[in-house]
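In what follows, a single structure is set out as structure tokens and then discussed.
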Amino acid sequence: MHLERAHNHTWRKIKSALASGIAFVSAVLVITPLGLVFFYLVINGASSVNWDFFTKLPAPVGTVGGGMVNAIAGSLELLALAGAIGIPIGVLGGVYLAEYGSARLNSVLRFLADVLNGVPSITWGVVVYGLVVLRFKGFSAYAGGLALGLIMIPLILRTTEEVVLLVPNGYREAALALGVSRWKTIVHIVMKTASKGIITGILLALARVGGETAPLLSLLSAIVFGITVSASPSLRSHCRFLPMRSLPTTTGTARLGPARSCSSPEFSALMCL
Amino acid sequence: MEVAIAPASKAFGAPGEPPSARQAMARPSRFGDKAFEWLTCAMALTVVVLVILTGWELWHGSVGAIKKFGFHFLVTSTWDPVADQFGALPFIYGTLVSSLIALLIAVPLGIATAAYLTELAPLWIRQPLVSLIEMLAAIPSVILGLWGIFVMIPWLRDYPFAWLKRFFGWTPLFSGSIYGPCMLAGGIIIAVMILPIIVSVSREILRSVPDLQREAAYGLGATRWEATRIAVLSYAKKGLFGAVILGLGRALGETMAVTMVIGNTPQIVASLFQPGYTLASVLANEFTEATTDIYLQALFEIGLVLFGITILVNLLAQLLLRTIATTSATRAVQ
């Protein structure tokens, strides 16, 4: 009897170790693609990353040399546009959810923001195409920035709300007790306290949007497609979005760029945390 | 009273002010309060506007196609822009099948990883692993697609696919010749893309399981795995299901990487080695090439279908996760 129980116990222990082993293997499997992709990017891309890569225009297809400056500039320009739309709306909306509003309204808004976060980015591309490109016949850098901005809104909204909620109530009470008005309390005390977290959220959203290609594919190539406006020739050279540019070049030039542009905000965000 | 007020007003740097000035100061700030509240409220309400705007815009864009094809759009499988014949069935089929493959791969892996990260792993390994998985989420999908084309597909074609064909070639699922880009490759790349979200949401859920559950299991003499299985995983069942549905929502909408590896052929065949097409890919590929109005409207309708499906799936996921959050919150209060 006693022996049987002991045997049973070792078997259970083995089973436990086995389960841990399987879980460990699956964790390794999950991060394998990350390692493989990084390895692949570094092998193929590192050799072509130099100063020219960041400062020169791309060379014609088939020639050696040239850089990605137009793509990088285009990426930054789009991110700036997207930020101009997404950051104020997202941050202020998040503040509203955390500070004002009735419980019922807020839960509805939160719910909708979460649902919007799950909407595929290509949908935004289509919507903005219908909204801007069809209606105003082009000027697609704005359209692209708008699409990215719209993607950013629910992302930033939710992170801001969560961070602002973390600020201890004592801070608010202390400020209000000193006779500071509510909005000044929120702006100067609450948001300032939460600013690190808010910035982290913004950076994460920018990082996500920075790698986004799908909505832009439909919006930016609309220029090339022929809905041209007077400003487009100069714009066109600017608007090649980085990941898009990386598609046709099989020489491996552009590949490290997007990964880096995306992972450096990610790194800084992690450091902020 | 007067004595108490005087130093305070001095501290604000207005020693000579009459008492009424203090009241006057309060009034504009009350206006500021109102203005700030309305401003932030308006910003928060953009979420509602966005949902309505998206739905309306997609409807507006596709209304011509809806009138022309009606319900047939969803159940016919001819996609012939030249003849103005549009049926979305192959795309719906491709989206569902590739997402299903992705879930079959990602769900066991993701939940096992989440369980490892919260319950089984040694403490020092947890945080680095979490950071790595978050970085996986940060890889842009084009990069993943590029890697898929140049590294993953050749490897898959030479080893696992050949192996599958040798042993399971008699089933319709793995019959036919292997091209490379195919439904199965699409499913695998989607699995890679949705793993981070499944892992991180499941991890949150497992972490929200009260420690009492674990303590009770250990107190009864459970091993680590038994405690995880009986006390944690079964307790969190509903929330994990929510995480899976959330992953499904992402899987349905994955665009770039899938477009690059799935082969982009609108057809419905049983073999997973054959190329397919998804709703999101057809939008990415053909949207700017739409030459006729009806073509564009058909694509808008595809966008509408995609939007509808993902909204529904996400609603389901949020409802599941929401009930978990509230029940665990009330339990915590009790």
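The values are calculated or read from the model by the stated rules, or taken from the named source; none is laboratory data. It should be emphasised that the depicted structure is a prediction, and the values quoted were computed from it without experimental measurement. Neighbour counts are summed over all protein chains in view; Cβ atoms, including those assigned to glycine, are modelled from backbone coordinates with ideal geometry.
Would you mention how many residues in the stretch A:130-144 are more than 7 Å from chain B (Cβ to nearest Cβ) and either of a type in the set (A, V, I, L, M, F, W, C) or crowded, with 24+ Cβ neighbours inside 10 Å (or both)?
9
Step by step: first the residues of the stretch B:281-296, then only those that are of a type in the set (S, T, N, Q) and not in a helix (DSSP H, G or I), then the one that is nearest to the other protein chains (Cβ to nearest Cβ). Which residue is that?
B:Thr291
B:Val107 - would you say it is surrounded by 22 or more Cβ atoms within 10 Å (Cβ to Cβ) and part of a helix (DSSP H, G or I)?
Taking the combined requirement at face value, the residue does not satisfy it.
Mind checking which residues of the stretch B:189-212 are surrounded by fewer than 24 Cβ atoms within 10 Å (Cβ to Cβ) and within 16 Å of the chain's Cα centre (by Cα)?
Result: B:Ile197, B:Ser200, B:Val201, B:Arg203, B:Glu204.
Yes or no: the stretch B:224-237 includes at least one residue that is farther than 30 Å from A:His9 by Cβ, in a helix (DSSP H, G or I) and touching a residue at least 60 places away in the same chain (Cβ under 8 Å).
No, because not a single residue in the stretch B:224-237 is farther than 30 Å from A:His9 by Cβ, in a helix (DSSP H, G or I) and touching a residue at least 60 places away in the same chain (Cβ under 8 Å).
Give the stretch A:148-192 a look and list any residue that's touching a Phe, Trp or Tyr at 6+ places or on another chain (Cβ under 6 Å) and away from chain B (no Cβ under 11 Å), or say none.
A:Ile189 - this is the single residue of the stretch A:148-192 that is touching a Phe, Trp or Tyr at 6+ places or on another chain (Cβ under 6 Å) and away from chain B (no Cβ under 11 Å).
Identify, from the list B:Ser131, B:Ser98, the residue that is among the hydroxyl-bearing types (Ser, Thr, Tyr) and at the interface with chain A (Cβ under 9 Å from one of its Cβ atoms).
B:Ser131
Kindly indicate the residue of the stretch B:213-229 that is among the charged types (D, E, K, R) and surrounded by 17 or more Cβ atoms within 10 Å (Cβ to Cβ) and also nearest to B:Gln318 (Cα to Cα) among those meeting that condition.
Going through the qualifying residues, I end up with B:Arg229.
Can you pull out the residues in the stretch B:249-263 that are in contact with a Pro (Cβ under 9 Å, 6 or more places away or on another chain) and within 21 Å of B:Leu304 (Cβ to Cβ)?
Of everything in the stretch B:249-263, those that are in contact with a Pro (Cβ under 9 Å, 6 or more places away or on another chain) and within 21 Å of B:Leu304 (Cβ to Cβ) turn out to be B:Gly249, B:Arg250, B:Leu252, B:Gly253, B:Glu254, B:Thr255, B:Met256.
Checking the structure you have, find out if any residue of the stretch B:161-183 is buried (at least 18 other Cβ atoms within 10 Å of the Cβ), outside any loop (DSSP other than H, G, I, E, B) and within 21 Å of the chain's Cα centre (by Cα).
yes
Can you name the number of the only condition in (1) in contact with a helix residue (DSSP H, G or I) (Cβ under 8 Å, 6 or more places away or on another chain); (2) assigned to a helix (DSSP H, G or I); (3) farther than 21 Å from B:Ile105 by Cβ that B:Pro266 fails?
Tallying (1) in contact with a helix residue (DSSP H, G or I) (Cβ under 8 Å, 6 or more places away or on another chain); (2) assigned to a helix (DSSP H, G or I); (3) farther than 21 Å from B:Ile105 by Cβ, B:Pro266 fails exactly one: (2).
Taking only the stretch A:102-111 into account, find how many residues are within 7 Å of chain B (Cβ to nearest Cβ) and surrounded by fewer than 23 Cβ atoms within 10 Å (Cβ to Cβ).
1
Mind listing whichever residues of the stretch B:87-104 are among the aromatic types (Phe, Trp, Tyr) and either at pLDDT 95 or above or surrounded by 21 or more Cβ atoms within 10 Å (Cβ to Cβ) (or both)?
B:Phe91
From (1) under 26 Å from B:Ala114 (Cβ atoms); (2) over 24 Å from the mean Cα position of the chain (by Cα); (3) at the interface with chain A (Cβ under 9 Å from one of its Cβ atoms); (4) part of a helix (DSSP H, G or I), pick out the condition that doesn't hold for B:Phe150.
Result: B:Phe150 passes all but (1).
Can you tell me which of A:Val133, A:Val127, A:Val167 is closer than 26 Å to B:Ala251 by Cβ and either in the same structural domain as A:Ala82 (by TED's automatic domain parsing) or acidic (Asp, Glu) (or both)?
Just one listed residue meets the conditions, A:Val127.
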